[in-house]
Structures are given as C-alpha cells and as structure tokens.
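Trainee: Pasting a structure here, questions to come.
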Amino acid sequence: MPAPRSKPLTRWEPMPFLTVLALLLLTGVVRPDGAPVLLWILVASLIASLAWLVVSLVRSTRRAGPDQWGDLSSLDGIRLVDAPAREREVRAVVPVDDVQRHQPAIELARLHGGPVQQAVLVPRASRWLSRRYRIGVQLTGGDRPRHAGFLRRDAEERWVELLDALGERGSYVRVPATVTGADRPYGVELDLSGLGDLEA
C-alpha cells in the first residue's frame, strides 16, 4: 500500500474548530420552534464535535513520540534502525529543507552534540496547519531530539515508501548528519547512502 501523502481531514488540526464553528453558525438558522428533528440533530452534532475538539486538544498536549506533527520528545521506547554511510570516494549528501525555521533547535543540537551527529527520520511529519505529510529530521545531539526541518522533496519521493513502511512497524531510521556553518544561519546535511542497504 503506498504511503499517504497528506493527512485525512479528521486528523487535520483545524478541522474540529472549523466543524464547531460551522455548527454554531447553523444554530442561527435552525429555529427552536421549527422541526424538532433538525434541532436534535444539530444539538447532537454540536455535542459530538465539542467532544472531538476536546479529544484533539488533549491528544496535542501529549508528547508521546512521535507526536501528531512528527516531533520526538525523547528516544525512549523508539526502535531505531541505523543506516550508516557507505564507503565511497565521492561523499553524497542531501540538505535538509526548512532549516531557517528551526535555527534555535539546530544551534542547541550543535552545542550539545557537535557538528557531526546523527538524525532520526520520521515519516508522516508535518508543519502545523499543513495537511501535507513530510519526512521530519530530528537531530539527536544532546539530551533530547530536536526538530531540524524536513527531508528535501526529491529525497523524500525516493525514500518515502521505505521509511513509511518501517514507521508503520514502529521503527525509525537513524542516519549520519552534519550541521554546517560556524554560526547562524546553520544548515543540516544528511548522508542517506545507507538507506540503499536497508532497501535491499
């Protein structure tokens, strides 16, 4: 089964809020002295959507890894599969997208783990309010993982099926990472050459 490329609407963060808002707007249309069936359907739908909203808020505050955005608060209980770099004459690296949004986290990871460390690839990650699934990159230098951005789109297309299949079984791939730059803005490069061995 191919890996999903976007979140279902029921898992999209704004959907419970939008549903409650739409039902509240409908309360101005459905009159209490009108058809009782319509009123009861509206009240039941409003109660169900409020329960959905509360459940989604509680779920978003739990930090079990990975959370609904693909962030890891800890590596405890995470099954990691190492994909070490292959020996080759020419080093092939993939730059990480969206690093400009995560400069403080990258700086902390570099401070605690040095410029050369490892990164965990988390499928079905996303930016807040985005329905599109990405592959998140979590730097592991220091006391806890830190979100550094997302796998570049061409690399994501190449490896999404493998990483998603492993993620469905509760396994996440760890690859070599390098934080580039001596000061902000930092970049992050990944060596994905070991993923070919996992695929084989």
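Trainee: Considering the options VAL120, ALA109, LEU18, tell which one lies farthest towards the positive end of the dipole of segment 1-158, charges being +1 on Lys and Arg and -1 on Asp and Glu at the Cβ, about the Cα centre.
Mentor: My answer, from the dipole projection, is LEU18.
Trainee: Another one. Label points 7 Å out from Cα along the Cβ direction at ASP197 and ILE47: separation in nm?
Mentor: With each label placed 7 Å out from Cα toward Cβ, I get 5.8 nm.
Trainee: If you scale each eigenvalue of the Cα gyration tensor by 5 and take the root, what three semi-axes come out for segment 1-120, rounded to whole angstrom and sorted largest first? Intermediate values should be presented prior to the final figure.
Mentor: Working: eigenvalues 448, 47, 39 Å².
For segment 1-120, the ellipsoid semi-axes come out as 47, 15, 14 Å.
Trainee: Listing VAL93, VAL173, VAL122 from the residue with the fewest other Cβ atoms within 10 Å to the one with the most, what is the order?
Mentor: Listed from fewest to most nearby Cβ atoms, that is VAL93, VAL173, VAL122.
Trainee: Among TRP159, TRP52, which comes first, then next, by fewest other beta-carbon atoms within 10 Å?
Mentor: Least crowded to most crowded, the residues run TRP52, TRP159.
Trainee: If I model a spin label as a point 7 Å beyond the Cα along the Cα-Cβ vector, how far apart are those points for GLU157 and LEU108 in nm?
Mentor: 3.4 nm
Trainee: When a footprinting reagent is the concern and you count Cβ atoms within 10 Å, what order do THR180, THR27, THR10, THR140 take, fewest first?
Mentor: On the way: THR180 16, THR27 13, THR10 10, THR140 20.
So the residues, fewest neighbours to most, are THR10, THR27, THR180, THR140.
Trainee: Pairwise over distinct Cα atoms, reciprocal of the mean inverse distance: report the Kirkwood radius of segment 9-61 in Å, one decimal place.
Mentor: So the Kirkwood estimate lands at 11.8 Å.
Trainee: Turning to a different aspect of this structure: For segment 75-148 and segment 149-187, what is the separation of their Cα centres, given in Å?
Mentor: Result: 6 Å between the Cα centres.
Trainee: Using 7 Å Cα-to-Cβ label points, what is the LEU38/ALA165 separation (nm, one decimal)?
Mentor: The modelled label-to-label distance comes out at 5.3 nm.
Trainee: Taking the Cα centre of the chain as origin, work out the dipole magnitude from +1 charges on Lys and Arg Cβ and -1 charges on Asp and Glu Cβ, in debye rounded to 20. Let's see the in-between values first.
Mentor: Values: 26 positive and 23 negative charges, 106 e Å.
I would put it at about 520 debye.
Trainee: Who wins for biggest fluctuation among ALA51, ALA119, ALA85 in a Gaussian network model of the chain, springs between alpha carbons below 10 Å?
Mentor: Of ALA51, ALA119, ALA85, the Gaussian network model singles out ALA51 as fluctuating most.
Trainee: Can you give me the Rg/Rh ratio for segment 73-124, using Cα atoms for both radii and the Kirkwood formula for Rh?
Mentor: Numbers: Rg = 13.4 Å, Rh = 13.7 Å.
Radius of gyration over Kirkwood radius for segment 73-124 works out to 0.98.
Trainee: Which listed residue (PRO176, VAL43, LEU72) has the Cα farthest towards the positive end of the charge dipole for the chain, taking +1 on Lys and Arg C-beta and -1 on Asp and Glu C-beta about the Cα centre?
Mentor: VAL43
Trainee: How much length is gained if the chain between THR27 and ARG101 is pulled fully straight, taking 0.36 nm per residue apart and subtracting their Cα-Cα distance, in nm to one decimal?
Mentor: Working: separation 74, 0.36 × 74 = 26.64 nm, distance 4.05 nm.
Length gained, THR27 through ARG101: 22.6 nm.
Trainee: Now a separate question. For VAL116 and ASP183, FRET efficiency with R0 = 22 Å and r from the beta-carbon atoms, rounded to 0.05? Intermediate values should be presented prior to the final figure.
Mentor: Details: r = 17 Å, r/R0 = 0.77.
Efficiency for this residue pair is about 0.80.
Trainee: With no solvent and one equal point scatterer placed on each C-alpha of the chain, evaluate the Debye formula and give log10 I(q)/I(0) for q = 0.09, 0.17 Å⁻¹, two decimals.
Mentor: -0.43, -1.09
Trainee: Continuing with this model, one more query. Could you pull out every whole DSSP H run in the chain that spans at least 20 Å of Cα extent along its own axis and averages 1.0 or higher on the Kyte-Doolittle scale?
Mentor: Helices passing the filter in the chain: 36-61.
Each reported figure results from applying straightforward, stated rules to the coordinates on display, with no laboratory input. Predicted model only: the values in this text are computed from it and were never measured. Here the Cβ is made from the backbone with ideal geometry for all residues, glycine too, and neighbour counts use every protein chain on show.
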